[in-house]
Amino acid sequence: MTQTDAEALGKTRPVIMLGRGGGGTRLLSEFVAGQGVFLGNKLNKSFDSVEWVDTIYDIAIDVLTADARPDVAKRASYSRRLHETAAQVLSHAGLDHTAYWGWKLPETTLICDLVKAAFPQAQFLHLVRHPVSASLRRTHMTSRMNNPMGAAALPAAYVHAGRDPAQIDTDDTTVHNAYSWLHQTDLMVQTFDGDAALHTIQFEQMCANSAQTASALAGFLHREAPTGAPTLAVDAARASGAQIDADQARRVWDICGPRAASFGYTLAQVLD
């Protein structure tokens, strides 16, 4: 990839989806693809853009396990790799930097500041879910120690919250999920902090009023949807959530409450 190619990709306006995995990001990805956004040549059943896995995971693990934040040279190398991956994905599809493109891979959230720096014109979509219902569901790879990504992300989440990572071994999976939620959501807020480049969608509102959510999303993208574009369809089974244990809910809220409240969430919403 030439310097000109990198500069061209850096000036494009990709649509990049963020949010902790397992929280409903597949619905968002399906809708965005239906709006005509090219999300890659290979999508899995979760509508993840799998061609980005190696790049995003390598950078995230490198950053999360480093002793210090990346310096200017390191950040530039990350940008180059992100641009190279974008060029490869688009070229494989016979597209160039003028295409309407983007990607969805939840772990992008862990390096959202670096991605924003690499693609300063990008449009970002953030799906957030109530931390109690998110934490009482199944674990996500970023909150499990049995894989390289989780082994980097979960200790980093504990450090971020001021909790000793040695406690991971004795904390239950709900607590792991809660610290993971807090870390990734805080990264989003710290990176964007009211930036108009980010559009946040609450999972609960998406389920309760999918038509209004879809309309707001389409308006944010500033693109006319293709003829026959699918609606934002929410599976009622996914929206129903997990059985809420009051003690577990309060434990999660103790960890995530202040950040969750900034999105308008309350503990009563899941205990009523």
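Would you mind getting the accessible area per residue of the stretch 173-222, heavy atoms of the protein chains only, 1.4 Å probe, in Å²? Show your work: numbers first, answer last.
Values: 2010 Å² over 50 residues.
Result: 40 Å² per residue.
Peptides 79-86, 17-24: what's the order by average Cβ count within 10 Å, highest mean first?
Taking the mean over residues of other Cβ atoms within 10 Å, the ranking is 17-24, 79-86.
How large a share of the accessible area of the stretch 1-106, in percent, is made up of carbon and sulfur atoms when the probe is 1.4 Å and the other protein chains stay in place? Mind dumping the intermediate values first?
Details: 2350 of 4830 Å².
C and S fraction of accessible area: 49 percent.
Would you calculate a helix-derived [θ] at 222 nm for the chain, using -39,500 (n - 2.57) for each DSSP H run of n ≥ 4 and dividing by the full residue count, to the nearest 500? Write out the running numbers ahead of the final one.
On the way: 13 runs with 140 residues, N = 272.
Helices in the chain give a 222 nm mean residue ellipticity of -15500 deg cm²/dmol.
In Å², and per residue, what accessible area does the stretch 56-97 have when probed at 1.4 Å with the other protein chains present? Working shown, then result.
Values: 2450 Å² over 42 residues.
It amounts to 58 Å² per residue over the stretch 56-97.
Return the single residue from Ala151, Ala68, Ala214 with maximal mean-square fluctuation; model: Gaussian network over the chain, springs between Cα atoms under 10 Å.
Greatest mean-square fluctuation among the candidates belongs to Ala68.
At 7 Å along Cα-to-Cβ for each site, give me the label-to-label distance between Ala93 and Asp54 in nm.
It is 1.9 nm.
For Phe263 and His160, FRET efficiency with R0 = 25 Å and r from the beta-carbon atoms, rounded to 0.05?
On the way: r = 18 Å, r/R0 = 0.72.
Once rounded, the FRET efficiency stands at 0.90.
Principal axes first, then extents: for the Cα atoms of the chain, list largest minus smallest coordinate on each axis, whole Å, largest first.
So the three principal-axis extents are 55, 47, 32 Å.
The values are calculated or read from the model by the stated rules, or taken from the named source; none is laboratory data. The shown structure was predicted, so the numbers you read here are calculated from the model rather than taken from an experiment. With ideal geometry, Cβ positions are generated from the backbone for all residues, glycine too; neighbour counts draw on all protein chains shown. With ligands, DNA and RNA removed, areas are computed over all heavy atoms of the protein, side chains included. Shrake-Rupley method; radii C 1.70, N 1.55, O 1.52, S 1.80 Å.
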